[in-house]
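So the structure is just underneath, and the comments pick up after that.
Read-outs throughout are calculated quantities, based only on the coordinates presented, and are distinct from any laboratory measurement. Values in this document were obtained by computation on a predicted structure and should not be read as measured data. A quick note on method: Cβ atoms are made from the backbone with ideal geometry, for glycine too, and the neighbour counts reach across all protein chains shown.
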Amino acid sequence: MNSNTKIIIGIIALLFFYACEKTIEFEGDNIQPKIVVNGNLIAEQPLKINISKSQSLLSEEEFFETLPNAKADLYEENTFIETLTYTGKVDTFIKYLPYDVIKKIPFKVGNFSGKTIPIAGRTYRLEVTCDGFEPVYCETTVPVPVEIVKVDTVSYAYENEFQKYYNIHITLHFTDPENVNNYYRIESELKKGVVRNYNEYKQGLPFSPSDTILIRIEPGHGINSNDPILSPQEQANDVIFGSPENRFNIFNDTYFNGKESKISFYNFSENQNIEMNFGNFSLHRISLISISKDYYNYLNTANYHFWYDQDPFSEPVPVTSNVVGGMGIFGSSSVSSFEILFGNYPKDGKTYITEDYNYGGYSPYN
């Protein structure tokens, strides 16, 4: 091929490239907002549903405003049972702008609740209407809880110049039901109590233990695991960007359907066991949660969406929703749990208050 031919082909290719260009105006601001439903019906616990409105990708707001005027009708096994009641308030969002400018934005925040206590095995449907929005509906069947058969724990202490810690290695045994697909989540909650004036003791000041124990509750307390059940499958580009974290600690029964299985992980916490006689304690609540398929898919896609969001070599991962006509998730779950206690709780002669009551600004955790 001579040089003139190459030049002609190059010119044709260039013209073809420009001929294929088309500017598409983004009309995100003109998209009608939709109703967003977020709720997880937990068997044997009062229900709480958040109903809000979606916002444009171009919106600069950093919060989602609830829809207190929405009408939320709840059905059980296709039978109407109640209209949920909204409880909320007007809060203030504080936005810090350049040049030390502070902008205060009032917005509505709250939830819808009712008298219904979800029952495992039953199906619930929520129908939501609100002026100015298209109606939506969503449905979930509350899974039956899976019993924890046995729990093996091994704990060991280590310390530095400031604190003493415990690592708790946990192996949880359970039997997966046969002939049905099951979806699970592991959760951990830490409830920790420290004597009110414990900071004086740590600083070596004259110390007489208070009879008041200040309690801190940490939901979602960290769970760490190398168990293959909780480890996601690697993708091709994981060599460069690493494997996605299973931030929600979810898994399914693909590899052990209908069989006895076990899952191993470890938890940790600060503990000063030599001071437990003051009233200090640490209570770990570990839960094996059976979750609905829709809820599992929502958490799974959300996990991958956040992980690959900044990956230039991966396609965007859309977050699934079971809210027909709207957005969000209407899931359900059932809980089996066990507790690990370090210390003595509750203890006679002690008064327990939550950290919310600590108005003076002092905290024994500092």
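Can you give the Rg to Rh ratio for segment 28-141, taking only C-alpha atoms and Rh from Kirkwood?
Using Cα coordinates only, the ratio equals 1.06.
Starting from the Cα of residue 64, step 7 Å along the direction of its Cβ; do the same at residue 108; then give the gap between the two resulting points in nm.
1.6
With a cut-off of 8 Å between alpha carbons and a minimum separation of six or more residues, what is the relative contact order of segment 28-141 in percent?
29
Work out from phi, with θ = phi - 60° and the Karplus expression 6.51 cos²θ - 1.76 cosθ + 1.60, the ³J(HN,Hα) of each residue of segment 112-118, listed in order in whole Hz, and give x for Gly and Pro.
Once θ is set to phi - 60°, the couplings for segment 112-118 become 9, 9, x, 8, 5, 10, x Hz.
Mind checking which lysines have their C-alpha under 17 Å from residue 48, skipping anything on the same chain fewer than 8 residues away?
Reachable lysines: 71, 89, 108, 115.
Assuming 0.36 nm per residue, please report the length gained on full extension of the stretch residue 71 to residue 354 beyond their Cα-Cα distance.
Here the answer is 98.4 nm.
Extending each Cα 7 Å along its Cβ direction at residue 131 and residue 205, get the distance between those two points in nm, one decimal.
5.8
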